[in-house]
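Participant: Can you keep this structure in mind? I'll have questions shortly.
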Amino acid sequence: MRLPPADVAAVVLSIASGTLLAQTSEFVADPMPTPSCHASTIVEIGPGVLMAAWFGGTAEGRPDVAIWGALRQDGRWRTPVELAREPNIAAYNPVLFRTMDRLLWLYYKFGPSPEQWSAARRFSSDDGRTWSAVDHLPAGLYGPIRAKPLVLPKGVIVSGTSVESYHSWAAWIERSTDNGKTWSRHGPITVGRPEGSAPNQGTLENRGIIQPSVVLVSGKHLRFYARSTNTIGRICVSDSYDLGLTWTPARPLELPNPNSGIDAIHLRDGRFVLVYNHTTRGRTPLNLAVSRDGEHWTPFHALETEPGEYSYPAMIQAADGSLEIAYTWRRTRIKHVSFPLTNVPRP
């Protein structure tokens, strides 16, 4: 699938949506508190109030990398603060979300590399003003690995996670029925080998998927969208028809993926939106696509088109309907875009 040029996409969008509203596009902080930053997450604290978090330090994997966060209130981002730091080891991939009991959770990873990391978490009962002590999770339990989990009624959380082992990548689901007090693990979920290929051709790693983003389709039907390795080169999906207990083998969609993070939401009006890199190589451009069924997609807007890295987007739908998106901007900034719902075309 070829992505339309930005001007053509804008014309299509104008025709589909009528009058366009201005979108907010801003850095969370400028300058940032650290030379390098990556892997942001975003959550709505209250009407018009957002919180973002990311990892930052001298460079990814360095021992000084910690979890940072900032609050957006009254139309501006406040000064970033340090949210979590592990002694003499790097932190990675924070995820902010709120459970049905109104606690605000921060999950993150720490360790020498993704192949060797462990997970930690802490919570806030006052919208991020103060935080609990850090809780280090048992080996093998990670919580949401990069994208926000799906939070359902009655304390159910369906969290997309994954494991990056030597020559082997796989998605997993961690599921809680008590607002995160206890978890069960489901998987692994992988992409099947191409028809006719011998078992010893290739490895799981070179046909692997990680970092799933879970959405509710309808009823008990859930779906996740996942990042894939370059040998697959497309966004992959898996379905569950029992609220996340069992999952189908993953399969590729038509949208490309350059082995980079994505995020997905199911809008309250029934449409689905993906934020992703519409390319099979590199991490530019960064794009939005819309679907009416979660299966067939129409790219409609480019958030970034210049050379550089624009990656690891996080996206939520705010109470006012807008899409609130945070992503890595050239590894030196975290960018926030507030995209009006009116500007999302009907496919």
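Please treat every number below as a calculation from the coordinates, not as lab data. Values in this document were obtained by computation on a predicted structure and should not be read as measured data. Because the Cβ atoms are built from the backbone with ideal geometry, glycine has one as well, and the counts that use them run over all protein chains shown.
Participant: Given H placed on each backbone N at 1.01 Å, which residues far from residue 168 in sequence or on other chains put an amide H within less than 5 Å of it?
Facilitator: 205
Participant: Picking from 57, 162, 221, whose Cα lies most toward the positive end of the charge dipole for the chain (charges on Cβ: Lys, Arg +1; Asp, Glu -1)?
Facilitator: 221
Participant: Give the cross-link partners of residue 109 among the lysines, using a straight C-alpha distance below 25 Å as the criterion and excluding same-chain residues fewer than 8 apart.
Facilitator: Result set, ordered by chain and number: 148, 181, 335.
Participant: For the chain, set up a GNM with springs between Cα atoms under 10 Å and report which of 160, 57, 308 has the largest fluctuation.
Facilitator: Judging by the Gaussian network model, the answer is 308.
Participant: What does the helix-only formula give at 222 nm for the chain: each DSSP H stretch with n ≥ 4 adding -39500 (n - 2.57), the total divided by the residues, and the result rounded to the nearest 500 deg cm²/dmol?
Facilitator: Rounded to the nearest 500, it is -1000 deg cm²/dmol.
Participant: Using only the Cα atoms of the stretch 70-165, build the gyration tensor, take square roots of its eigenvalues as a ≥ b ≥ c, and label the shape rounded, prolate or oblate: rounded if a/c is under 1.5, else prolate if a/b is larger than b/c, else oblate.
Facilitator: oblate
Participant: For the chain, modelled as a Gaussian network with Cα springs under 10 Å, which listed residue fluctuates most, 275, 49, 28?
Facilitator: In this elastic network of the chain, the residue with the biggest mean-square fluctuation among 275, 49, 28 is 49.
Participant: Expressed as a rounded percentage, what relative contact order does the chain have, with Cα pairs under 8 Å and six or more residues apart?
Facilitator: 16
Participant: A further question on this structure: Provide the per-residue ³J(HN,Hα) series for the stretch 130-147, in order, calculated from phi with Karplus coefficients 6.51, -1.76, 1.60 and θ = phi - 60°, each as a whole number of Hz, with x at glycine and proline positions.
Facilitator: Ordered by residue, 3J(HN,Hα) equals 9, 10, 5, 4, 6, 10, 7, 7, x, 4, x, 10, 10, x, x, 6, 8, 8 Hz.
Participant: Same structure again: Let's see if you can work this out: charge +1 on each Lys and Arg Cβ, -1 on each Asp and Glu Cβ, no other charges. What is the dipole magnitude of the stretch 179-335 about its Cα centre, in debye to the nearest 20?
Facilitator: 360
Participant: Next up: What list of ³J(HN,Hα) couplings, whole Hz, do you get for the stretch 316-324 from phi and the Karplus terms 6.51, -1.76, 1.60, once you set θ to phi - 60° and write x for glycine and proline?
Facilitator: 9, 9, 6, 4, 7, x, 5, 8, 9
Participant: Let me ask you something else. Write down the radius of gyration of the chain and its Dmax, each obtained from C-alpha positions, in Å.
Facilitator: Every Cα atom of the chain included, Rg and Dmax give 18.9, 59 Å.
Participant: Rounded to the nearest 20 Debye, what is the dipole magnitude of the chain about its Cα centre when Lys and Arg each give +1 and Asp and Glu each give -1 at the C-beta?
Facilitator: In debye, rounded to 20, the chain gives about 240.
Participant: With the contact rule set at Cα under 8 Å and sequence spacing of 6 or more, what percent relative contact order holds for the stretch 185-324?
Facilitator: 16
Participant: Let me ask another. So if I place +1 on the C-beta of Lys and Arg and -1 on the C-beta of Asp and Glu, and nothing else carries charge, what would the dipole magnitude of the stretch 98-153 be about its Cα centre? I want it in debye, nearest 20.
Facilitator: For this selection, approximately 140 debye.
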